[in-house]
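Report on one structure; see the data block that follows.
The values are calculated or read from the model by the stated rules, or taken from the named source; none is laboratory data. Bear in mind that the values here come from a model prediction, so they are computed numbers and not experimental data. We place every Cβ from the backbone using ideal geometry, glycine too, and count neighbours over all the protein chains shown. Ligands, DNA and RNA are excluded from the accessible area calculation, which covers all protein heavy atoms including side chains. Shrake-Rupley method; radii C 1.70, N 1.55, O 1.52, S 1.80 Å.
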Amino acid sequence: MTINANTVSHVDAVVVGAGFAGLYMLHTLRDKLDLEAAVFEAADDVGGTWYWNRYPGARCDISSYHYSFSFSEEIQQEWSWSEKYAAQPEILAYLGFVADRLNLRQDINFETRVISSDYDEASQRWTIKTNKGHTVICKYYISGVGTLSYAANPEFEGKDSFKGEVYSTSSWPHHGVDFTGKTVGIVGTGASAIQAIPLIAQEAKHLTVFQRTPNYATPLQNGPMDEQEAHAIKANYGEFREKPGPLWPEYLSRKCGSPFLRKVLKRSKNTWKAAGKKAVFHCGWAVMATSFLTKRPTKSQQSSFARRYARVKDPRTADLLCPDYLYGTKRQPCETNYFETYNRDNVSLVDIKSNPIRRITERGLELDNGDGYVFDCLIYSTGFDAFTGPLFNLNLKGRKGVSLREHWSEGPRTNLGIMSHGFPNFFMITGPQSPSVLFNMPLGIEQHVEWIADVIRYMEDNGLESIEPEKAKEDDWREMVEGIANSTLMPKTNTWYTGSNIPGKPRSFMVYLGGGAAYKQECDEAARNGYDGFILGSADVQREAVAS
Ligand code: NAP
């Protein structure tokens, strides 16, 4: 519902965010549970991550028919994707279509940012305040803020002194940017920059790429969607979502499970090579399997693999593009013409690992060795304070006024990656320590929304007022998440999975790697056992026991 500013409003549930998560949560609360729900969204439209990340080349690298909602057969049948891997405008249009189809916009408060979230123990209610003067009191508080929605902005000396145009891939201007005839510098070579660089290079007079870590980018092999294939998928959409198969690989279906992990844990050095080769020539996400290798490939194997697909003429540039970290331990970016772009006369690559950025200047930037660069436009593509950044930004204070930041001072503490002790009735869709970014996001979101809806239904049916995880259960869950991660090579590299891309952030592995199916079993089992591992409270319960 829309909320009036400057009065105190009461609703059953508040949801933050109107991306995939917020839209489905609103639909579920309102249309399936018949509850009053309000959504707050900072943007002026729906879309979440796909609203903000509209830089040139932004597109999904999960195939379009997988990267969509499955909860409505009508919506599945009515929407058709034009490309194998949808571009940002098409995904944004899809989410707009879903919002209109389900009449969701009327209950979303746009251009409104949550500034504080306080739990009151006496009333067992949350009070949410916004930058537009709203005060809303609610029983259920649900975060759909996403995992990669809080930009990491490195604090370079002199950052504000640059007098030219400054852009960030994570919040690109709606009107687009015309780089024709302009000199451009871009900092960062992660998945976003790898998509943007080839297109910016086509326009710019000159593009200088400042690279700290080269990446194992894999050809996306995008193209128009084959109509026959689309027809076959739509005819068996249910099966497509459930089962692995040649057309529908398991890592994107609900059956993405622990067999996946067991299988890849057994891989040897040789299968690494084969998988790498397959990735080069056939694209994609199959290569994620190799992320879980337990044996280290040698440095020369990694380099030769990288050179094979680094289709770059200048040997020095090709060398600079060869990654030196463990294959697959960072998120695998997909590329289209990325490496060829470095063959253009108007593109240069600068290594800022051996010679870091010392400061930003009025006209560009300067490196440690004194080399200076001058541009008209400077683009930051420096990533995100993933998982915890957007949650901390809600300024949550739970029981006894303890903030989420304090409770998580040594890294996230959750049960199932959905709830945290001391923050009753606060739910995190795709929160840290759930499969989130290493599963198919829309399916992961659906599973969380449906699990949360079941909790709420159970509470309403049983006259319960609060639910939160047992403190000890958070230790068990963390041990499990870290234990699975530590049986792979993934935690060994500095990545946003571990928080190590953000100075001072405590290091912990923030993704459950056991696979979507095994994870769902854990969630379902807790529910089946009357929310085992959670403390359920009625109105007259003595809360002291819980707070210990
Ligand atoms: P990212 O992968 O974290 O890349 C950030 C880049 O900025 C890295 O090259 C990083 O270098 C560099 N950087 C950060 N701080 C720096 C500093 N102080 N000095 C110099 N360089 C610095 O961020 P992203 O490219 O935005 O991608 C984030 C995630 O979004 C992806 O991993 C992916 O999950 C998602 N994404 C998905 C798609 C898709 O196709 N579906 C597209 C784009 C993004 P280091 O590596 O050395 O830290």
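Points to keep in mind about this one:
- Residue in the range 70-91 that is within 26 Å of HIS175 (Cα to Cα) and among the β-branched types (Val, Ile, Thr) present: yes
- For the range 30-61, a residue qualifies if it is within 14 Å of the ligand (Cβ to nearest atom) and aliphatic (A, V, I, L, M), and exactly one does: ALA58.
- Within the range 359-398, considering residues that are of a type in the set (Ser, Thr, Tyr) and closer than 17 Å to VAL187 by Cα, the one surrounded by the most Cβ atoms within 10 Å (Cβ to Cβ): SER381
- Complete set of residues in the range 6-34 that are open to solvent by less than 40 Å² (accessible area, probe 1.4 Å) and over 28 Å from the mean Cα position of the chain (by Cα): SER9, VAL11
- Those strands (runs of 3 or more DSSP E) of the range 329-374 in which at least 2 residues are under 30 Å from the mean Cα position of the chain (by Cα), more than 11 Å from the ligand (Cβ to nearest atom) and under 23 Å from GLU203 (Cβ atoms), considering only elements entirely within it, cover 347-351.
- The range 209-254: number of residues that are among the polar types (S, T, N, Q), at pLDDT below 90 and open to solvent by less than 60 Å² (accessible area, probe 1.4 Å): 3
- Scanning the range 450-462 turns up one or more residues that are open to solvent by 30 Å² or more (accessible area, probe 1.4 Å), of a type in the set (Lys, Arg), closer than 24 Å to MET25 by Cβ and part of a helix (DSSP H, G or I).
- Check on GLU73, surrounded by fewer than 23 Cβ atoms within 10 Å (Cβ to Cβ), touching an Asp or Glu at 6+ places or on another chain (Cβ under 9 Å) and of a type in the set (D, E, K, R): no
- Among the conditions (1) open to solvent by 40 Å² or more (accessible area, probe 1.4 Å); (2) more than 16 Å from the ligand (Cβ to nearest atom); (3) touching a Cys at 6+ places or on another chain (Cβ under 9 Å), GLN106 misses just one, which is (3).
- Filtering PRO491, PRO424, PRO503, PRO469 for residues that are surrounded by fewer than 20 Cβ atoms within 10 Å (Cβ to Cβ) and either among the acidic types (Asp, Glu) or over 28 Å from LEU252 (Cβ atoms) (or both) leaves a single hit, PRO503.
- The condition (being crowded, with 18+ Cβ neighbours inside 10 Å and either at pLDDT 95 or above or in contact with a His (Cβ under 9 Å, 6 or more places away or on another chain) (or both)) is satisfied by just one residue among ALA37, ALA93: ALA37.
- Any hit, the range 146-158, residues being without any contact (Cβ under 8 Å) to a residue 60 or more places away in the chain, within 12 Å of the ligand (Cβ to nearest atom) and open to solvent by 10 Å² or more (accessible area, probe 1.4 Å): yes
- Checking each residue in the range 41-68 for being in a loop (DSSP other than H, G, I, E, B), within 30 Å of ILE115 (Cβ to Cβ) and open to solvent by less than 40 Å² (accessible area, probe 1.4 Å) picks out GLU41, ALA42, ALA43, VAL46, GLY47, GLY48, ASN53, TYR55, ALA58.
- The sole residue among THR488, THR493, THR498 that is out of contact with any helix residue (DSSP H, G or I) (no Cβ under 9 Å at 6 or more places or on another chain) and either of a type in the set (Ser, Thr, Tyr) or at pLDDT 90 or above (or both) is THR493.
- Unmet requirement for ILE456, which otherwise passes all of (1) at positive phi; (2) touching an Asp or Glu at 6+ places or on another chain (Cβ under 9 Å): (1)
- Checklist (1) assigned to a loop (DSSP other than H, G, I, E, B); (2) away from the ligand (no atom under 16 Å from the Cβ); (3) modelled with pLDDT of 95 or more applied to VAL136, failing item: (1)
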